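Data block below; observations after.
The values are calculated or read from the model by the stated rules, or taken from the named source; none is laboratory data. Predicted model, so just to flag it, every value in this text is computed and none were measured. Neighbour counts run over all protein chains shown; Cβ positions are idealised from the backbone, glycine included. Only protein heavy atoms, including side chains, enter the accessible area calculation; ligands, DNA and RNA are left aside. Shrake-Rupley method; radii C 1.70, N 1.55, O 1.52, S 1.80 Å.
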Amino acid sequence: MTDRAVDALRPLLLEPGWAPYAEGSCLISTGRTRVLCTASVAEEVPAWRERSGKGWVTGEYGMLPRSTHSRRDRERDGVKGRTQEIQRLIGRSLRSVTDLAALGPRTITLDCDVLQADGGTRTASITGAFVALELACRSLVEQGLLAASPVREGVAAVSVGIVGGVPRLDLDYPMDRDAQVDMNVVATASGRLVEVQGTAEGDPFTREEHDRLLDLALGGIEQLLAAQREILGAAR
């Protein structure tokens, strides 16, 4: 068990511009979890969206074969259920803070590739992908394709759980494996919730425990949002 305080995040590092060919990118490290997030802009939208005049933001997610202790097969025949669930979550999270009408008829795809997994890969993907999204939108502004960034506010995500009877923030893999309750929370800079997904792995948990976990998560997300603002301010 780590000696990290129960309300402390793992060491966090955001490295913008890590993939120079992408319109926006960020390598996020949270503890030993590392995810490369890249934003790619296409001047088109899915066929079903063409008449809306609005843009689209979507996410893709994958784990490299040796991102874990043993090799994982690549998902060559279509993504599996867990991967699809995470991709949808990434897309929903980023769309929740983007003015799609202001984006115009173009698509931004956020690719989140897990280089090393030690818990919290989906939440790290959302936090890092936001940085990549904002940088891509700034690129569109610099090119004169947009008058202003369509990103309205920040969004970030973190995991929480009850481990050994104790509520804890930002679970690494051993904590997540042993947790009696685990929860993923996504929230915006204005404090609004995008997703709260919590599961009891054994005995059900109480409303009070739920609220304690949510408070822990929101406190952690405030720190993640502050880190995003700092790195994006430095990238101006």
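Residue-level check: of (1) over 13 Å from residue 167 (Cα atoms); (2) surrounded by 13 or more Cβ atoms within 10 Å (Cβ to Cβ); (3) in contact with an Asp or Glu (Cβ under 7 Å, 6 or more places away or on another chain), residue 218 misses just (3). Just one of the numbered conditions (1) within 17 Å of residue 62 (Cα to Cα); (2) of a type in the set (A, V, I, L, M); (3) in contact with a Ser or Thr (Cβ under 7 Å, 6 or more places away or on another chain); (4) part of a helix (DSSP H, G or I) is not true of residue 114: (4).
Among the residues of segment 120-149, the ones that are surrounded by fewer than 23 Cβ atoms within 10 Å (Cβ to Cβ) and outside any helix (DSSP H, G or I) come to 7 in all. Of the set (1) assigned to a helix (DSSP H, G or I); (2) under 20 Å from residue 27 (Cβ atoms), all apply to residue 157 but (1).
Could we say that residue 21 is hydroxyl-bearing (Ser, Thr, Tyr) and surrounded by fewer than 12 Cβ atoms within 10 Å (Cβ to Cβ) here?
Values: hydroxyl-bearing (Ser, Thr, Tyr): yes; surrounded by fewer than 12 Cβ atoms within 10 Å (Cβ to Cβ): yes.
When the stated conditions are applied, residue 21 passes them.
When the criteria are applied in full, residue 35 meets the requirement of being open to solvent by less than 70 Å² (accessible area, probe 1.4 Å), touching a residue at least 40 places away in the same chain (Cβ under 8 Å), of a type outside the set (Lys, Arg) and not in a loop (DSSP other than H, G, I, E, B). If you go through segment 86-117 and pick out every residue that is under 20 Å from residue 188 (Cα atoms) and free of Cβ contacts under 8 Å to residues at least 60 places away in the same chain, you end up with 12. Annotation: residue 185 fulfils all but one of (1) more than 13 Å from residue 122 (Cα to Cα); (2) open to solvent by less than 70 Å² (accessible area, probe 1.4 Å); (3) of a type in the set (A, V, I, L, M); the unmet one is (1).
Taking segment 70-109 as the search range and keeping residues that are open to solvent by 30 Å² or more (accessible area, probe 1.4 Å), of a type in the set (S, T, N, Q) and assigned to a helix (DSSP H, G or I), which one is modelled with the highest pLDDT? Filtering segment 70-109 for residues that are open to solvent by 30 Å² or more (accessible area, probe 1.4 Å), of a type in the set (S, T, N, Q) and assigned to a helix (DSSP H, G or I), the one modelled with the highest pLDDT comes out as 87.
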